[in-house]
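The values are calculated or read from the model by the stated rules, or taken from the named source; none is laboratory data. Quick caveat: nothing in here was measured; it's all calculated off a predicted structure. Virtual Cβ from ideal backbone geometry, glycine too; neighbours counted across all protein chains shown. The accessibility values were calculated without ligands, DNA or RNA, using every heavy atom of the protein model including side chains. Shrake-Rupley method; radii C 1.70, N 1.55, O 1.52, S 1.80 Å.
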Amino acid sequence: MLEEVELWLDRHSWSASERPLDALRAAKRAAGASGTVSVVLPALNEEATVGAIVEAIRGELMSGETPLVDELVVMDSGSSDSTSRVAAEAGARVVHRDSVLPRIPVAAGKGEVLWRSLLVTEGEIVCFVDADLREFDCRFVSGIVGPLLTDPGLHLVKAMYDRPMSGGGERGGRVTELVARPLLNLHWPQLAGFVQPLGGEYAARRTLLERLPFPVGYGVELGMLVDTLELAGLEALAQVDVGVRHHRNQDGQALGRMAATIYSTAQRRLERGHLVRPVLTQFDRGSDRLFSPTVHEVTTEERPPMCTIPEYTARQRRRAA
Ligand SMILES: O=c1ccn([C@@H]2O[C@H](COP(=O)(O)OP(=O)(O)O)[C@@H](O)[C@H]2O)c(=O)[nH]1
Ligand SMILES: O=C(O)[C@@H](COP(=O)(O)O)O[C@H]1O[C@H](CO)[C@@H](O)[C@H](O)[C@H]1O
């Protein structure tokens, strides 16, 4: 491990318990306008879990004398279930991806809704939380928002946690262990200290996020880490231990498609534009018991930094006026 990373682990890797909520509320009061916080939940068919997460955040972090969270938005990513209704009934503001920046046709994917969320949120700190979490604990939010309230030099903070698989057995984070961690260690060893580089819970300053490209699919986490390293340096990054994360585990073939997208996101950054062929062929046994191929497009589309979008810069000028 690079000595730089060893030092980073000493100084930029903490436990959430090291910053109690009262201290964070005091820091938020002191931060004023620069400490406004928006929480965004990207949600595709998460009716089973989104309501509890929204209720927990509203109950614990959006009430009292100094709420840590100012705004809670669920970005509906094209759900076919009752995600929007459940989230709204729990008290979230729900925004459908189609309603944001309609002049740019919507692409499918998690990164797409995270990118569009920047245009419909106000916080100077934006905190992303997956909507498929079970046994959600508000430390997932306060733990990663906290350092951004107390450490001006930080720009992106990721949660780290244990990730037991539902049903026991192997540990979760399969694409992390098989694809992302090897890629980062080989090509971006400064990022080797991240325990959960693909984790879906992270908070960042808007002034950073608006300058980053967003891979529209599952490459968004890896792309954001690599691009932030290049744009702001390792000292702008940190991670906080928030305990244990339980979430829905997708099947192996879904993770194969995720891995292909993440690999193509890395490839693009390794060679800026020279992509491998973004197609993935997988195999299942057909009714004839013979293996049959299914070809999947590997999403490589990326959105430009939001600060290059006229609607966004116009809105920012209006907010500043
Ligand atoms: O096209 C998509 C795919 C995923 N998600 C959301 O992004 C989060 C993480 O996705 P997922 O759980 O599928 O990834 P995993 O955690 O299994 O890697 C969840 O809240 C999903 O609902 C989304 O908003 N749009
Ligand atoms: O970390 C991983 O390997 C994947 C899959 O996790 P599991 O093997 O289902 O626990 O989950 C993450 O990866 C996605 C791509 O970056 C993120 O969008 C998810 O939020 C995150 O859960």
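Solvent-accessible surface of the chain, averaged per residue with a 1.4 angstrom probe and all protein chains in place: 43 square angstrom. Accessible surface ranking for 194, 136, 1.4 angstrom probe, highest first: 136, 194.
Please arrange 57, 104 by accessible surface area, largest first, computed with a 1.4 Å probe and ligands excluded.
Order by accessible area, largest first: 104, 57.
Taking the charge dipole of the chain about its Cα centre, with +1 at Lys and Arg Cβ atoms and -1 at Asp and Glu Cβ atoms, the residue from 107, 144, 175 reaching farthest to the positive side is 107.
Summarising the label geometry, the points placed 7 Å from Cα in the beta-carbon direction at residue 311 and residue 63 lie 3.5 nm from one another. Given their separation in residues at 0.36 nm each and the Cα-Cα distance between them, residue 103 and residue 294 gain 65.5 nm when the chain is fully extended. What separates the Cα centres of segment 204-266 and segment 128-153 is a distance of 15 Å. Placing unit charges on the Cβ atoms only, positive for Lys and Arg and negative for Asp and Glu, gives segment 163-294 a dipole magnitude near 180 debye about its Cα centre.
Accessible surface of the chain, 1.4 Å probe: 53 percent of it comes from carbon and sulfur atoms. The mean sequence separation of alpha-carbon pairs under 8 Å and at least six residues apart, normalised by the residue count of the chain, gives a relative contact order of 20 percent.
Pick out the long, greasy-scoring helices in the chain: whole DSSP H runs spanning 27 Å or more along their own axis by Cα, mean Kyte-Doolittle at least -1.0.
252-271
Start at zero, step by 10 Å, and the Cα-Cα distances of segment 1-76 spread as 15, 34, 29, 20, 2 percent across the bins. Placing unit charges on the Cβ atoms only, positive for Lys and Arg and negative for Asp and Glu, gives segment 137-183 a dipole magnitude near 100 debye about its Cα centre. Calculate log10 I(q)/I(0) of segment 160-280 for q = 0.14, 0.17, 0.18, 0.21 Å⁻¹, where I(q) comes from the Debye formula with a single equal point scatterer on each Cα and nothing for solvent. At q = 0.14, 0.17, 0.18, 0.21 Å⁻¹ the computed log10 ratios are -0.61, -0.91, -1.01, -1.35. In units of the compact-protein estimate 2.2 N^0.38 Å, segment 3-249 shows a Cα radius of gyration of 0.95. Each label was represented as a point 7 Å from its Cα along the Cα-to-Cβ direction; for residue 82 and residue 4 these points are 5.2 nm apart.
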